[in-house]
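Take a look at the structure set out below.
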Amino acid sequence: MLKPGDVVFYARSPTASEFCDAVEQVIPNNSYFHVALAVSERCLVEATPEGVLERTLQESIEDNQPGIVETLEVKGIPESIILEAATWCRSKVGLPYNDLFSADLMNSDGLESYYCSQLITEAFRGVEMHWPTHTLNFLNSDGNLIEFWIEYFRKRGRPQVPQGDVGSHPGQLRRSPALVVCSF
């Protein structure tokens with residue numbers, strides 16, 4: 001059962017989409033492609049290409065089709081702060097997806113927006129969470145830009161892939177010492 005503030009990670013499934021494949025490729029030895037925050041016993045808030053959504057865990061699993069679901073608890077942070085993070089995430093429901101993965105929280109339409117791991121890091125921004133540092137990486141294991149990302153950004157009017165910009169990734173967040181496995 002979920003608790004508000006639990007962090008839910010999704011890892012690779014053999015039927016993952018091309019988008020999930022591209023997200024996974026940018027961190028070696030990683031199978032995590034998505035992360036969300038629980039806001040109640042049954043519901044979570046997540047940033048997806050459809051925007052920031054609140055839905056049941058079951059609906060999210062059906063849509064994302066992970067092979068593995070891990071629920072982690074935040075440790076070393078007062079419960080009141082964890083609940084504030086859940087409330088903050090819920091306040092972002094309805095906002096669009098940050099399709100540019102930009103640190104300024106703006107998407108290609110110039111609107112406030114979030115991608116999945118960015119939503120989580122921003123929810124805990126005021127707290128010393130010690131998230132592992134991450135720069136955006138769109139390179140494959142050979143050090144070349146992944147064609148999916150070149151085309152992805154080109155379609156959004158960006159001739160440059162934001163390689164090396166500051167950002168976050170589910171695989172990096174999963175490594176945080178502030179998170180411990182609690183279920184699934």
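The values are calculated or read from the model by the stated rules, or taken from the named source; none is laboratory data. Not measured: the values here are computed from a predicted model. Positions of Cβ are generated from backbone atoms using ideal geometry, with glycine treated the same way; all protein chains shown enter the neighbour counts.
List of remarks:
- Candidates 98, 107 - the one that is polar (S, T, N, Q), closer than 17 Å to residue 168 by Cα and without any contact (Cβ under 8 Å) to a residue 24 or more places away in the chain: 107
- Spans of helices (runs of 4 or more DSSP H) in the stretch 26-126 with at least 1 residues more than 30 Å from residue 160 (Cα to Cα) and among the charged types (D, E, K, R): 57-64, 79-91
- Only one of the numbered conditions (1) at pLDDT below 95; (2) assigned to a loop (DSSP other than H, G, I, E, B) is violated by residue 181, and that is (2).
- Qualifying residue in the stretch 128-142 (condition: of a type in the set (Ser, Thr, Tyr), under 16 Å from residue 36 (Cβ atoms) and not in a helix (DSSP H, G or I)): no
- All of 136, 100, 95, 179 fail the test of being crowded, with 17+ Cβ neighbours inside 10 Å and under 23 Å from residue 3 (Cα atoms), apart from 179.
- The stretch 146-158 residues that are closer than 11 Å to residue 100 by Cα, paired with ones that are of a type in the set (A, V, I, L, M, F, W, C) (beta carbon under 6 Å, 6 or more apart): 149/138; 149/161; 153/161
- Hey, residue 142 of a type in the set (Asp, Glu), modelled with pLDDT under 95 and out of contact with any Cys (no Cβ under 8 Å at 6 or more places or on another chain) or not: yes
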